[in-house]
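Report on the following structure.
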Amino acid sequence: MKKKLLILTTRSLHRAPRIIREIEALQPEFDITAVGLSAPKIEKVNFINITKIHLHVIDRAIRKLYRLFNNGQLPKFRLPFFDRFVEWIIKHHAPDVVIVHEPEFLLYVTSLKEKYGFRLAFNAHEYYPLQFEHKSVWMRTYGLMYADIYRKYLDKVDLMINVCESIAKRCKSEFEKDSIVIPNAAFYRPDIQPRKVGEFPIRLIHHGAAIRSRSLETMINAVAKLGDSYQLDLMLVENEKGYYDELNDLVSKTTNVKMIAPVDFDNIVPFINKYDIGLYSLKPSSYNQEVALPNKLFEYIQARLCLVVSPSVEMSNIVVSNDLGIVSRDYDEGSIAAAIGSLTIERVNHCKEKANIAARKLSAEQYEGLFLNSINSI
């Protein structure tokens with residue numbers, strides 16, 4: 001008989017790559033129940049919609065009053081009705097292991113471990129205490145709450161999972177918490193082969209969310225400087241409508257950059273395979289951006305593209321150690337344009353072949369065994 005696993009998140013599971021890969025890795029040995037905003041497109045996963053138990057009116061009132069009398073701070077205690085819901089799920093499903101994806105859940109589940117006898121894992125998507133450190137109001141509210149949760153509850157977590165070595169080291173140095181590293185690698189695509197570049201124009205792709213703090217206009221301006229021998233397509237989700245419209249307006253003033261409609265998550269890799277270069281420059285306006293190792297980097301690799309990235313420590317380590325492309329000297333548009341312009345057709349083709357070699361080694365499958373063994377070990 002399979003063991004039982006409960007996943008707790010506030011995310012939409014059908015478009016949460018890290019959670020999808022988690023389910024794929026653990027499903028062979030676990031019966032899985034997942035709580036989230038939408039169901040994963042994976043068979044035999046029992047799904048509970050978290051909106052059905054959204055904050056009760058009394059919980060909302062308690063939180064509002066607490067913030068009113070505590071200078072906007074968020075409560076660092078369990079809200080009674082949500083607490084009751086979490087306990088009901090655990091009691092009803094009797095999981096052997098609970099995996100949480102947001103720090104807030106640690107407030108609730110750590111108090112239930114001894115009573116119900118489950119083991120607890122925290123699959124952190126980033127370093128939460130500094131998630132939006134460029135926003136002063138956020139740091140005075142959510143930032144303080146997350147730092148408090150990390151201090152009080154990480155030692156009660158049986159297994160912590162982080163996305164990169166830099167964050168794992170920080171959790172160890174600041175909170176004395178060891179963790180395993182499972183990056184946001186994409187599934188291996190043996191059906192994809194590199195498409196050889198024969199002549200100009202060189203086609204570049206960037207995909208992801210339109211978020212102002214990512215300064216996506218830098219990449220637009222960089223490619224615009226290079227002229228029509230380079231063509232950039234931006235496949236963006238309208239995460240911030242106003243910012244998306246600003247980017248659209250900027251793109252309309254160029255001759256070699258355009259916006260294209262997003263494709264489904266499962267189709268990203270085969271769709272972008274027709275491009276030559278996967279581009280990502282991320283100015284480090286926060287700690288998490290400084291150490292970012294995003295999904296798209298691994299999707300570029302599975303699409304067998306040459307990579308051009310900014311000098312972010314984790315991304316540049318992957319690119320340089322596997323000879324996958326080039327790292328720009330700095331984060332400004334001039335440095336990015338210079339990096340792209342320095343790549344000959346021969347070099348682009350060479351890097352695409354290197355991506356083909358690295359695709360299996362840097363795939364999600366290479367981490368599934370580590371994930372499953374680590375969960376089983378607790």
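The values are calculated or read from the model by the stated rules, or taken from the named source; none is laboratory data. Keep in mind it's a predicted model, so treat the numbers as computed, not measured. Every residue, glycine among them, receives a Cβ derived from its backbone with ideal geometry; neighbour counts consider all protein chains shown. Ligands, DNA and RNA are stripped out before the accessible areas are found, and what is left, the full protein with its side chains, is counted by its heavy atoms. Shrake-Rupley method; radii C 1.70, N 1.55, O 1.52, S 1.80 Å.
What the Cβ-Cβ distance of residue 199 and residue 255 gives, at R0 = 25 Å and to the nearest 0.05, is a FRET efficiency of 0.85.
With respect to the chain, whose longest principal axis is taken over its alpha-carbon atoms, helix 57-69 is tilted by about 80°.
Over 21 Å between Cα atoms: which of 274/296; 172/361; 177/296; 135/225 fall into that group? The pairs that break the limit, which is 21 Å between Cα atoms, are 172/361; 177/296; 135/225. Rounded to the nearest 10 degrees, the angle from helix 17-26 to the longest Cα principal axis of the chain is 60 degrees. Sequence-distant contacts, meaning Cα pairs under 8 Å at least 6 residues apart, place the relative contact order of the chain at 14 percent. Compute the helix-to-body angle for 144-153: its Cα long axis versus the longest principal axis of the chain, expressed 0 to 90° and rounded to tens. The angle comes out near 60 degrees. Please give the Cα centre distance for segment 35-51 versus segment 200-217, rounded to the nearest Å. If we compute the Cα centre of each part, the gap is 31 Å. Computed about the Cα centre, the dipole magnitude for segment 1-133 is approximately 320 debye when only Lys and Arg (+1) and Asp and Glu (-1) carry charge, each at its Cβ.
Cysteine residues of the chain whose C-beta has no other cysteine C-beta under 4.7 angstrom: 164, 171.
Largest to smallest in accessible area, the residues 250, 74, 372 fall in the order 250, 372, 74 (1.4 Å probe, all protein chains included). Over all distinct Cα-Cα pairs of segment 151-228, the Kirkwood formula returns a hydrodynamic radius of 17.2 Å.
Every pair of different Cα atoms in segment 264-378 enters the Kirkwood calculation, which places the hydrodynamic radius at 14.9 Å. Here the mean projected area of the convex hull built on the C-alpha positions of the chain is 19.1 nm².
Rounded to whole Å, the principal axis extents of the Cα atoms in segment 201-290 read 34, 32, 24, largest first. Within the assembled protein chains, the solvent-accessible surface assigned to residue 85 is about 30 Å², based on a 1.4 Å probe. Scanning the chain for GluC sites (Glu not before Pro) lying in DSSP loops with no more than 14 further Cβ atoms inside 10 Å, the longest uninterrupted stretch between such sites is 239-378. When all protein chains stay in place and ligands, DNA and RNA are ignored, the 1.4 Å accessible-area order of 77, 82, largest first, is 77, 82. The Cα center of segment 326-378 and the Cα center of segment 98-123 differ in position by 34 Å. Computed over segment 81-223, the convex hull of the alpha-carbon atoms projects to a mean area of 13.3 nm². Taking all protein chains as shown and a probe of 1.4 angstrom, residue 321 keeps an accessible surface of around 90 Å². Per-residue ellipticity at 222 nm for the chain, helices alone: DSSP H runs ≥ 4 residues times -39500 (n - 2.57), over residue total, nearest 500 deg cm²/dmol? It lands at -12000 deg cm²/dmol. Using the 1.4 Å probe convention, the accessible area of the chain works out to 45 Å² per residue with neighbouring protein chains retained. When 318, 62 are compared by accessible area of protein heavy atoms, the largest-first order is 62, 318, using a 1.4 Å probe.
Were the residues from residue 44 through residue 264 laid out at 0.36 nm apart, the gain over their Cα-Cα distance would be 77.1 nm.
Seen from all directions on average, segment 1-72 presents a Cα convex hull projection of 6.4 nm².
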